[in-house]
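Derivation of every value follows stated rules applied to the coordinates shown; laboratory data play no part. Since the model is a prediction, treat every value here as computed from it, not as a measurement. Neighbour counts are summed over all protein chains in view; Cβ atoms, including those assigned to glycine, are modelled from backbone coordinates with ideal geometry.
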Amino acid sequence: MILAENLTKRYGDKTAVDDISFTVPTGKVTGFLGPNGAGKSTTMRMIVGLDRPTAGSVTVGGHDYRTSRSPLTEVGVLLDAKAVHTGRSARDHLRAMAATHGIPRSRVDEVIELTGIASVARKRAGKFSLGMGQRLGIAAALLGDPQTLILDEPVNGLDPEGVRWVRQFVRRQAAEGRTVLLSSHLMSEMAQTADHVIVLGRGRVLADAALPELVRAWTTSVVTVATPRPAELAQAISGPDIEITTHEPGRLRVTGLPAATIGDIAAEGGIPIHELTPTSGSLEDAYLALTEQSVEYKTKELA
């Protein structure tokens, strides 16, 4: 478990992380989201002792990570896949890390096979593509078979097979009782991977909830209805807090009313229905609604 309490980090007059508290539980994949500049990277660096908090505290497994006598076996970290000796081969890089903790060479071979880099294990890491560099970084994080995994953008540069592998792997790790904190800007992938989500914006916690709860709270379900008598149906289902729009002839988009109720009302009025399709909001919709006022670098919408 990762526990942050009133965690704050300032750089001069800039507050990167502003008095945040959260818990990353064991047995779940916790998604860590936020716009660029939200404070995610700074928070992860404080968790593993690379940055010292200005105030507050953060513990991993009940203690400060910096006091760990065997950090690789407690926490596996991927913050920067490029943080390798570019002149070493992938295997030598992992062997050097393993030697610092007395990890056997057989474990190096295991993580090389596990992450799919066996064919390039003897090549210099400096020659790796972005995707292969990510796989090497994940291999390094797994080297000590840790109880906690902290992965920052682990699917960056991976092909679809690699993305799916990471998704399945981290979910399996959580199912085995490990703590998994996963940061990504890919909302569609996070929606398939995370059980719980923490969202930061301008250094503060904007949301901390189970993924389905977050989506329900910050999105609106829409029902698409196709009928040859749209005006009649619209009149029949209209009411307070119900929004009805028409985007094309014979089709209505209805918010504020469940599909079953629309169908019942249409049946009672003898109005034929050719389509009745409910569409729930997505994690991306919820994320954009949450962070709308917290985006530091906002682009202009296209006309």
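Overview of results
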{"read-out": "Low-density loop positions, trypsin sites (Lys or Arg not before Pro), the range 11-74 - DSSP coil, at most 13 other Cβ in 10 Å", "value": "Arg69"}
{"read-out": "Over the range 171-239, volume per residue of the alpha carbon convex hull, in Å³", "value": "170"}
{"read-out": "Convex hull of Cα atoms in the range 134-284, direction-averaged projection (nm²)", "value": "12.7"}
{"read-out": "Residues Ile273, Ile117, sorted so that the one with the fewest Cβ neighbours within 10 Å comes first", "value": "Ile273, Ile117"}
{"read-out": "Separation of alpha-carbon centers, the range 1-30 and the range 281-295, rounded to whole Å", "value": "20"}
{"read-out": "Kirkwood-type radius of the range 2-217, with distances r between different C-alpha atoms, in Å", "value": "17.6"}
{"read-out": "Amide H partners (placed H, <5 Å) of Ser89, local residues excluded", "value": "Ala125"}
{"read-out": "Rel. contact order, % - alpha carbon contacts under 8 angstrom, at least six apart, the range 2-217", "value": "31"}
{"read-out": "Normalised contact order of the range 220-279, rounded percent, pairs of Cα under 8 Å and 6 or more residues apart", "value": "51"}
{"read-out": "Counted charge near Ala209, where neighbours are those whose Cβ lies closer than 13 Å (Asp, Glu -1; Lys, Arg +1)", "value": "-1"}
{"read-out": "Three principal axis lengths of the range 1-78 [C-alpha, angstrom, descending]", "value": "36, 25, 21"}
{"read-out": "Choice from Gly102, Gly201, Gly49 showing the highest fluctuation, given a GNM over the chain with Cα pairs closer than 10 Å", "value": "Gly102"}
{"read-out": "Calculated from backbone phi, Karplus (6.51, -1.76, 1.60) coupling profile of the range 146-156 in Hz, x at Gly/Pro", "value": "x, 7, 10, 10, 10, 10, 9, 6, x, 9, 4"}
{"read-out": "Pairs of Lys in the chain closer than 16 Å at Cα, counting only those 8 or more apart or on different chains", "value": "4"}
{"read-out": "Candidates Ala260, Ala99, Ala175: whichever shows maximal mean-square fluctuation once the chain is modelled as a Gaussian network with Cα springs under 10 Å", "value": "Ala260"}
{"read-out": "Distance histogram in 10 Å bins (all Cα pairs of the range 220-279, percent per bin)", "value": "25, 66, 9"}
{"read-out": "Dipole in debye (nearest 20) - the chain, about Cα centre, beta carbon charges: Lys, Arg +1; Asp, Glu -1", "value": "1700"}
{"read-out": "Antiparallel bridge percentage (DSSP; both residues within the chain; nearest 5)", "value": "70"}
{"read-out": "Around Gly144: net Lys/Arg minus Asp/Glu count, Cβ-Cβ under 13 Å", "value": "0"}
{"read-out": "With at most 13 neighbouring Cβ atoms within 10 Å, loop GluC sites (Glu not before Pro) (DSSP) excluded, longest segment of the chain", "value": "1-175"}
{"read-out": "Cα centroid separation - the range 126-203 against the range 233-269, whole Å", "value": "42"}
{"read-out": "Surrounding net charge for Leu186, when Lys and Arg each add one and Asp and Glu each subtract one, Cβ distance under 12 Å", "value": "-2"}
